[in-house]
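Chemist: Let me begin by handing over the structure; questions about it come next.
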Amino acid sequence: MSDQNQILEELTGSEYKYGFSTDFEEVRAPKGLNEDIVKFISAKKNEPEFMLEWRLKAYRHWLTMKEPNWQNVQYPPIDYNDLYYYAAPKNAKKLKSLDELDPQIKKTYDRLGIPLEEQLILAGVAVDAVIDSVSVVTTYKEKLAELGIIFCSISEAIQENPELVKKYLGSVVPITDNYFASLNSAVFSDGSFVYIPKGVRCPMELSTYFRINAENTGQFERTLIIAEEGSYVSYLEGCTAPMRDENQLHAAVVELIAHENAEIKYSTVQNWYPGDKDGKGGIYNFVTKRGICAGNNSKISWTQVETGSSITWKYPSVILKGDNSIGEFYSVAVTNNKQQADTGTKMYHIGKNTKSRIVSKGISAGESNNSYRGLVQVSKRAENARNFSQCDSLLMTDRCGAHTFPYFEIDNPSAIVEHEATTSKIGEDIMFYCQQRGISQEDAVALIVNGYAKEVLNQLPMEFAVEAQKLLAISLEGSVG
Amino acid sequence: MEEELKYKLISDFKLLESSLNGEAKSPFHKIRQDAISVFEELGFPVKKLEEWKYTNLSNITKNRFRQFLIPEKINLTFEEVAGFIYPEFEGNIIVLINGHYSVKFSKIVTQKDGVFIGSFSEAREKHNDLIQNYFAKYADYYRNSLTALNTAFAIDGVFIHLEKNVTVDEPLLILNIADSREENLIAQPRNLFILEEGSSILMADDYYTIGDHPFFTNSVTEIILKQNASLEHYKIQNDGSNAYHIGTIQVEQERDSRFSNTTISWGGGLIRNNLNATLNGENSESHFFGLYLLKDKQFVDNHTLVDHAVPNCNSNELYKGLIDDKATGVFNGKIMVRKDAQKTNAYQSNKNILLSENAKINAKPQLEIFADDVKCSHGATSGQLDENSMFYLQSRGISKVEAKILLMNAFSSEVIDSVKIDSLRQHLHNLILKKLGK
């Protein structure tokens, strides 16, 4: 036991691999938050009148709200007037090719291990790279444009497709939804916009890499994905962040809309800076993610691998409005050291014959706390709704915590709802078996954890699955209790 | 509404105080005064509180109630009381009328030394030391306003004290009779069971209502199980539809002790059962079973907490519900495993069958685990009677109605079988067939 603890300490003491900060000039809004800042952001981005109105409405509503306190995570109070709400790389002008990219920024990507050109050639992935809020380069855009697919930054969409933005922005997560969503609506800087036209199957995985770069900049990403009738899209989101000591707030909003027979697959690998081993620094990841299966036979699938952030607090949800629609949630959440995670999902069954599936795997190590919180709601008219939920927790040390808070509200007798949850640690017999066959303790843990999380990892697109598997191994090296 | 009832109760408390004479200065009454001020501060719980998310008390608080203070003349005959005692019962009988111990109807047959089975108010004279040591030490009245309200009106109830290694052979039946024939009343029985080392008893807590006025029972039971003590406790709720019941049972368990509770709810308008056990000694175990058969507009909330404070303990929960008409069932179960409570085994299961369009179930099974070497699991399901089973039975010539009863009976039996008093178990099996419409 003490041996294992020692290994745990050594390995979890290892430095964050992706921690560094790039210096390049940027334009910042003054610190603090007031109507002028909201106006400043809107003006900076050259937004039409309706957006400014929308932002101000959100801001005014936010002022009337109270920060929630029911969550199972703790953090010092955030001074919202001590944050910068806008930072953009200086001279941010649109680039047509990679050659025009700032060599500094390019170097950042290279050090992160995301060689853009390699992705262009090998992976066939279109990357909408976001550094500190402003979209710098968008690749493959032309190829997608041929199919009528719009994949651009949300600021660009506001300029070029205002009618779509006006129609859908805030339709799934209204500006009054919750404290952080309202804040985001007021000050969101940039994010991605995807529009898949009727009957189109997006031929490649769409991917955005988020980077948090400027110190003290709250990041307020806004993502909007619309899949028209009969279309399909798979979207990847992945992130790493530089190391620093001050906590950073990240309050993103993601909205998905799937029309009749459409399918949206949204995958996340989150590896933001988790803070050092005493819990100092690290990102606060307070995100509102929600999708609506608006049309019949539509499907939304969330997959997430959460290993980073000092605090992760989010519930990717699906509103199953269309008949026969399907919602899925696959999650692996790993917490180590003093990390905290309170994550899960909400499935609202409204349409007939709707189905949902929840698979959540929590892994706690160090002195971390990992909570699953989920709601399955079957409304009165949701005939023949079906849900299956499985929430497993794996505990690595005797100092960590694993919590499960599922909620079920069943209002229709034809619903079949099943929930299972287990909590356990890695069995000594399994460890013994592996070690006895010459597999080192660390490799055995990686093997077992990967097996444990396989059901979720299998849902990830290839490119991500490899990265995610490595991430799990790195996050948990030696942390067996 | 709520405020009105709250201040009515506070003035009832003053009434109680004025009748106390010298006792008003006792440490016991000091606790009551503390409790009423907590209640005054907190008021009735509202739905905004996470623990009361699914339970709306406005159906209770909209009524005017009078606290039943002194056992006034009660028009009950021996025949009427005997009607509530299930057939073939042999053992000790305690009758509580509106929360007050009735000397007239109670009958204690156990003659062993070291056994006190009687009224709480009598125990305050004979066992004042025990009351001082244990009363209000376990049921937290600082954070729970209804426990505070009960503590403020702690006047009478059942008191049991078993000395070391005493086994009570005869089961105990506690008949709680709510008499609401004349007016709206609140009864707040306060029970305290202390089982010293190695002692054991089996008991059933039976609830009945006579009369149609709204009746509100707010009971609190504190149970202390010393080393190797064992308690089998059954709660059978047969109240009328105008009866509201909030019952809190707080169990404190020492080393090697064993507690088992079976709660069967098929009567009552609104029921909230708080059942909390703290496993505070190694190798102790707790078993909770629950069955709710709901119809009309009934509402039942089973709210449980098993707190594993030390290593090597076991707990197991099984709650099953058949919900019909416009009834609503709620299950809220929490398993807490504290930091050093290694080698804990904790299981929890909640199964529901919704039988009608308007039936509803809210479930919230929770695990909070702070130790790694544990085996904990919970499961919750909601569904209908299995179509295949129905088809199988019907294809064998069993009518649809019969088949339904057969399946529902089988579903319920698992819980009823946990009852260890033979005559009671048999009685419950018979009763359930009646309830299911046979």
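FYI, it's all coordinate maths here, none of it is from the lab. Please read these numbers as outputs of a predicted model, since none were measured by experiment. Every residue, glycine as well, gets a Cβ built from its backbone with ideal geometry; the counts of neighbours run over all protein chains shown.
Chemist: Pop the C-beta distance of residue A:40 and residue B:143 into the FRET formula with R0 = 45 Å and round what comes out to the nearest 0.05.
Modeler: Efficiency at R0 = 45 Å is approximately 0.45.
Chemist: At 222 nm, what value in deg cm²/dmol follows for the protein assembly as shown if DSSP H runs of at least 4 each add -39500 (n - 2.57) and the sum is divided by all its residues, to the nearest 500?
Modeler: -7000 deg cm²/dmol
Chemist: Okay, next question. Non-local amide H neighbours of residue A:346 (under 5 Å, H modeled in plane, Pro and chain starts lacking H): which ones?
Modeler: It is A:317, A:318, A:375, by chain and number.
Chemist: Still on this structure, I have one more. Which FRET efficiency value, to the nearest 0.05, do you get for residue B:73 and residue B:401 by plugging their Cβ-Cβ distance into 1/(1 + (r/R0)^6) with R0 = 45 Å? Could the numbers behind the result be given before it?
Modeler: Details: r = 47 Å, r/R0 = 1.04.
Between residue B:73 and residue B:401 the formula returns 0.45.
Chemist: For segment B:14-24, just list the computed ³J(HN,Hα) in residue order, Karplus coefficients 6.51, -1.76 and 1.60, θ = phi - 60°, integers in Hz, with x standing in for Gly and Pro.
Modeler: Each residue of segment B:14-24 in turn: 4, 4, 4, 4, 5, 8, 8, 6, x, 5, 4 Hz.
Chemist: Moving on to the next point. Cα atoms only, segment B:388-438: Rg and Dmax in Å?
Modeler: 12.4, 37
Chemist: Roughly how many nanometres apart are two label points built 7 Å out from the Cα toward the Cβ at residue A:64 and residue A:28?
Modeler: Label at residue A:64, label at residue A:28, 3.3 nm between them.
Chemist: Within 10 Å of each Cβ of B:382-390, how many other protein chain Cβ atoms are there on average?
Modeler: The shielding value for this peptide is 3.
Chemist: Taking θ = phi - 60°, what integer Hz values does the Karplus form 6.51 cos²θ - 1.76 cosθ + 1.60 yield along segment B:203-210, in sequence order, with x for Gly and Pro?
Modeler: Here the 3J(HN,Hα) series is 8, 10, 10, 10, 10, 9, 10, 10 Hz.
Chemist: Using θ = phi - 60° and the Karplus curve 6.51 cos²θ - 1.76 cosθ + 1.60, what whole-Hz ³J(HN,Hα) does each residue of segment B:93-99 get, with Gly and Pro shown as x?
Modeler: 10, 10, 10, 9, 10, 6, x
Chemist: In Å³ and rounded to a whole number, note down the convex hull volume per residue for the Cα atoms of segment B:272-318.
Modeler: Cα-based convex hull of segment B:272-318, divided per residue, equals 47 Å³.
Chemist: On to the next question. At a Förster distance of 22 Å, what's the computed FRET efficiency of residue B:62 paired with residue B:15, Cβ-Cβ distance as r, to 0.05?
Modeler: After rounding to 0.05, the efficiency reads 0.45.
Chemist: Hey, another quick one. If you scale each eigenvalue of the Cα gyration tensor by 5 and take the root, what three semi-axes come out for the protein assembly as shown, rounded to whole angstrom and sorted largest first?
Modeler: 57, 29, 28
Chemist: Can you give me the distance in nm between label points at residue B:181 and residue B:165, each placed 7 Å from the Cα along the Cα-to-Cβ direction?
Modeler: 4.9
Chemist: Once amide H atoms are placed 1.01 Å from N in the peptide plane, what residues at a sequence separation of 5 or more from residue B:166, or on another chain, have their amide H within under 5 Å of its amide H?
Modeler: For residue B:166, whose amide H was placed from the backbone, the distant partners under 5 Å are B:199, B:200.
Chemist: In 5 Å bins starting at zero, report the fraction of Cα pairs in segment B:2-281 per bin as a rounded %.
Modeler: 1, 5, 13, 18, 20, 18, 14, 8, 3, 0, 0
Chemist: Could you list the trypsin sites (Lys or Arg not before Pro) in segment B:63-105 that lie in coil according to DSSP, counting only those with at most 13 other Cβ atoms within 10 Å of their Cβ?
Modeler: The qualifying sites are B:64, B:73, B:104.
Chemist: Sorting check: for A:427-433, A:397-403, B:106-112, A:375-381, which peptide has the highest mean count of neighbouring beta carbons within 10 Å, and how do the rest follow?
Modeler: Descending mean neighbour count gives A:397-403, A:375-381, B:106-112, A:427-433.
Chemist: Moving on. Take the alpha carbon atoms of segment B:20-47, find their center, do the same for segment A:312-367, and report the distance between the two centers in whole angstrom.
Modeler: Going from one Cα centre to the other spans 45 Å.
Chemist: Just to be sure I understand: with springs between alpha-carbon atoms less than 10 Å apart, which residue in B:198, B:83, B:99 has the highest mean-square fluctuation in the Gaussian network model of chain B?
Modeler: Between B:198, B:83, B:99, it is B:83 that shows the largest mean-square fluctuation.
Chemist: Roughly speaking, what is the stretch gain from residue B:129 to residue B:85, that is 0.36 nm per residue apart minus the C-alpha to C-alpha distance, in nm to one decimal?
Modeler: Result: 12.5 nm gained on full extension.
Chemist: Take every DSSP beta bridge whose two residues both sit in segment B:2-281, then give the antiparallel share in percent to the nearest 5.
Modeler: If I count the DSSP bridges inside segment B:2-281, around 10 percent turn out antiparallel.
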